[in-house]
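The values are calculated or read from the model by the stated rules, or taken from the named source; none is laboratory data. In this text, all values refer to a predicted model and were calculated from it rather than measured experimentally. Don't worry about glycine lacking a Cβ; one is built from the backbone with ideal geometry, like all the others, and counts go over all protein chains shown.
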Amino acid sequence: MKKILLVEDDPFLVDIYSKKLQKSGYEVTIETNGSKVLDVAKEIKPDLLLLDIVLPEMDGWEILKKLSESKEHTNLKVIVFSNLGQKDEVQKGIELGAVKYLIKAEYTPSEVIEEVKKTLK
């Protein structure tokens with residue numbers, strides 16, 4: 001079973017996406033605090049990080065930077081999942097190592113799950 005670390009601080013979105021991912025056969029771990037993400041990732045070794053950018057204590061940009069500097073997380077795939085959708089933000093996410101950048105308002109939960117499946121194939 002593939003492991004996904006869902007990094008999101010909106011309880012409504014955590015509920016929707018964790019249930020949908022679990023129904024799709026993934027083991028889901030949730031983290032709402034940006035400063036804890038790297039420790040949790042080291043502990044559970046997820047196959048994919050579904051990462052929001054706006055988070056308490058450490059934002060997604062900082063998490064992406066730290067992941068790119070870490071030798072432990074070289075095979076970790078990251079999908080940024082954010083409401084920040086300006087072209088320069090999308091470009092920044094890809095440059096920092098995200099394999100995809102999904103803008104929340106443009107994807108239904110089912111479409112997000114499809115993108116996760118494609119990424120993990």
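Results, tabulated for the structure shown:
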item: Selection status of L64, in contact with a Ser or Thr (Cβ under 9 Å, 6 or more places away or on another chain) and outside any strand (DSSP E or B); result: no
item: Complete set of residues in the range 87-114 that are touching a Lys or Arg at 6+ places or on another chain (Cβ under 7 Å), under 15 Å from L6 (Cα atoms) and surrounded by fewer than 17 Cβ atoms within 10 Å (Cβ to Cβ); result: P109
item: Yes/no for K45 being of a type in the set (K, R) and under 11 Å from L5 (Cβ atoms); result: yes
item: Filter result for E8 (within 20 Å of E115 (Cβ to Cβ), among the acidic types (D, E) and under 11 Å from the mean Cα position of the chain (by Cα)); result: yes
item: Unique match (being buried (at least 17 other Cβ atoms within 10 Å of the Cβ), part of a loop (DSSP other than H, G, I, E, B) and not hydroxyl-bearing (S, T, Y)) among P56, P46; result: P46
item: Hits in the range 1-18 (condition: surrounded by fewer than 17 Cβ atoms within 10 Å (Cβ to Cβ), touching a helix residue (DSSP H, G or I) at 6+ places or on another chain (Cβ under 9 Å) and part of a helix (DSSP H, G or I)); result: L13, I16
item: Given (1) under 22 Å from P109 (Cβ atoms); (2) charged (D, E, K, R); (3) touching a helix residue (DSSP H, G or I) at 6+ places or on another chain (Cβ under 6 Å), number of the condition E27 does not satisfy; result: (3)
item: Residues of the range 107-121 that turn out to be assigned to a helix (DSSP H, G or I) and either at pLDDT below 95 or not charged (D, E, K, R) (or both), as a count; result: 7
item: Answer from I94, I53, I113 - the residue that is free of Cβ contacts under 8 Å to residues at least 12 places away in the same chain and among the hydrophobic types (A, V, I, L, M, F, W, C); result: I94
item: Among residues of the range 19-43, those that are in contact (Cβ under 8 Å) with a residue 40 or more places away in the chain, in contact with a Pro (Cβ under 6 Å, 6 or more places away or on another chain) and not in a helix (DSSP H, G or I), counted; result: 0
item: Odd one out for L84 among (1) assigned to a helix (DSSP H, G or I); (2) surrounded by 11 or more Cβ atoms within 10 Å (Cβ to Cβ); result: (1)
item: Condition check for S82: small (G, A, S), under 25 Å from D39 (Cα atoms) and in contact (Cβ under 8 Å) with a residue 12 or more places away in the chain; result: yes
